Each structure stands twice: as structure tokens, then as C-alpha cells.
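**Q** First the structure, which I've put down as C-alpha cells, then a few questions once you've had a look.
The values are calculated or read from the model by the stated rules, or taken from the named source; none is laboratory data. Here the structure is a predicted model, which means the values were calculated and not measured. No Cβ is skipped: glycine too gets one built from the backbone with ideal geometry, and neighbour counts run over all protein chains shown.
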Amino acid sequence: MCNAVASLKVEIGKSRVYAPDMLKNTSTSDVDAGVTISDPLRHLVVCHDRIEEHLQILESVIPRLRSDSEQKRQEAREALDKALQFLEAMGHLHTQDEEESVFPRLLANSGDERSAVTELTTMLESQHREKEAVFAKLAAHVAAFPPAPLPPSPEQATRFEGLVSHLVDLYRPHIMVENQRLIPMSEDHLRKSDLGEILQEMRARRSP
């Protein structure tokens, strides 16, 4: 783990950093490199935890981007780049897991709760699109920063802080709803055969 991410890991307390050394064209399979998926619903919750950890990194770099220390600015940019790369890759994988594997099977097996499940999955899909749009703005904004370790302009730093806040405010309630409603509904309605198929699809998405 690079020093930049390691130092920020200490600052966000008990959070753990899982991001590998990814390049911008790294396959999405790399975000789960070395992870064995045995329980698909539990893996969704674990992914939520990992996303939260990287949101915390985005929040933690804000003051360091404005630091007078060239080293701290460099570390912040390295950690920022890795966090963005992780969130882009994991966000894509996680959304596929839910929208292509979980949601259709949950709807097919929802029985008397079909109306509630339809309302929930429609809402979650809409939130996915909203998060993707804000993330794209954030990534494009960071790409326009001057080369590290030069600091962003005050205007760029303020805009960055606003976009991070917006993304975090979208993600955290979304994760809470999925943990508190989607996962229990899935546990109630998905059959063992459904979970087996979801597991195989999740593993296939992460295959090289």
C-alpha cells in the first residue's frame, strides 16, 4: 500500500483501505482481486462498507489539497486518484450485481410484495443514475486540476468539496436503504437456486 493511502488510512480511524494499485484502464475485476465470494448478499454489504471507506478518503483529502506542504498535497492527490478509480470500478460492478442479478430475481419471486419491491428497485435504480452523474462530474473536475503536487485553485478546491459532499449525501442514504430493506427482502424472497445463480454471475464479472 502506498504511503499516501496509508497515511490517510490512519487519519480516518478504524477504516481500512482496500484499493489496489490501479491504473485508469484497470479492469473492474481488480477491485475484488483476491476476494472469494461465497455469499452474494453478504458480499453486497461488504461492498457497501468498502465504498464508505473510500468516500471517507475523498472527505479526508480536502484539507490536504490546500496544504502548504508539497508532500501532503502529493499524498492527497495519489490517495484521491486511487479512491476515484476504486469508486468508479466498484460502483460499476456493484450496480451490475444489483440491477442485472438481484433485482430481476427479487421481482420474479416477490409474490404479494411485488408492488413494494417494484417501488424499491425503481427508486434504487434512479439513485444509481443520479450517483453516476455526480461521480462523472467529480472525476471530470479532478482531471482538470493542475499536475500534482501543484494545488488546485481556491475555486477548484471549493467546487471539489461541494461535489464530494453531494456524492456522499447521495451514497450514504442509498447504502442504508439497501442494507435495511433490499438485503432483508432478498433474504426473504430469493431461493437457494437464485442465490447460486447470482453468485456465479458475480464471480464471472470479476473473472480476468
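**Q** So which residues in region 123-160 are part of a helix (DSSP H, G or I) and polar (S, T, N, Q)?
**A** Of everything in region 123-160, those that are part of a helix (DSSP H, G or I) and polar (S, T, N, Q) turn out to be Ser126, Gln127, Gln156, Thr158.
**Q** With respect to the numbered conditions (1) crowded, with 19+ Cβ neighbours inside 10 Å; (2) outside any helix (DSSP H, G or I); (3) not hydrophobic (A, V, I, L, M, F, W, C), which one is the sole condition not fulfilled by Ser60?
**A** For Ser60, the failing item is (2).
**Q** I would also like to ask the following. Are any residues in region 30-60 within 11 Å of the chain's Cα centre (by Cα) and either at pLDDT below 95 or charged (D, E, K, R) (or both), and if so, which ones?
**A** Val31, Asp49, Arg50, Glu52, Glu53
**Q** Here is a further query. Any residue in region 107-121 that is of a type in the set (Gly, Ala, Ser), surrounded by fewer than 14 Cβ atoms within 10 Å (Cβ to Cβ) and either in contact with a Phe, Trp or Tyr (Cβ under 6 Å, 6 or more places away or on another chain) or not in a helix (DSSP H, G or I) (or both)?
**A** Looking for residues that are of a type in the set (Gly, Ala, Ser), surrounded by fewer than 14 Cβ atoms within 10 Å (Cβ to Cβ) and either in contact with a Phe, Trp or Tyr (Cβ under 6 Å, 6 or more places away or on another chain) or not in a helix (DSSP H, G or I) (or both), one finds none in region 107-121, hence no.
**Q** Ala76 fails exactly one of the following numbered conditions: (1) buried (at least 17 other Cβ atoms within 10 Å of the Cβ); (2) part of a loop (DSSP other than H, G, I, E, B); (3) of a type outside the set (D, E, K, R). What is the number of that condition?
**A** Here Ala76 meets the rest and fails (2).
**Q** Hey, another quick one. Six or more apart or on different chains, Cβ under 8 Å: which pairs go from a residue in region 136-159 that's under 19 Å from Leu55 (Cα atoms) to one that's among the β-branched types (Val, Ile, Thr) and assigned to a helix (DSSP H, G or I)? Could you list them?
**A** Listed by first residue and then by second, the contacts come to Leu138/Val164; Ala157/Ile62.
**Q** Give region 124-145 a look and list any residue that's touching a Gly at 6+ places or on another chain (Cβ under 8 Å) and buried (at least 16 other Cβ atoms within 10 Å of the Cβ), or say none.
**A** Lys131, Phe135
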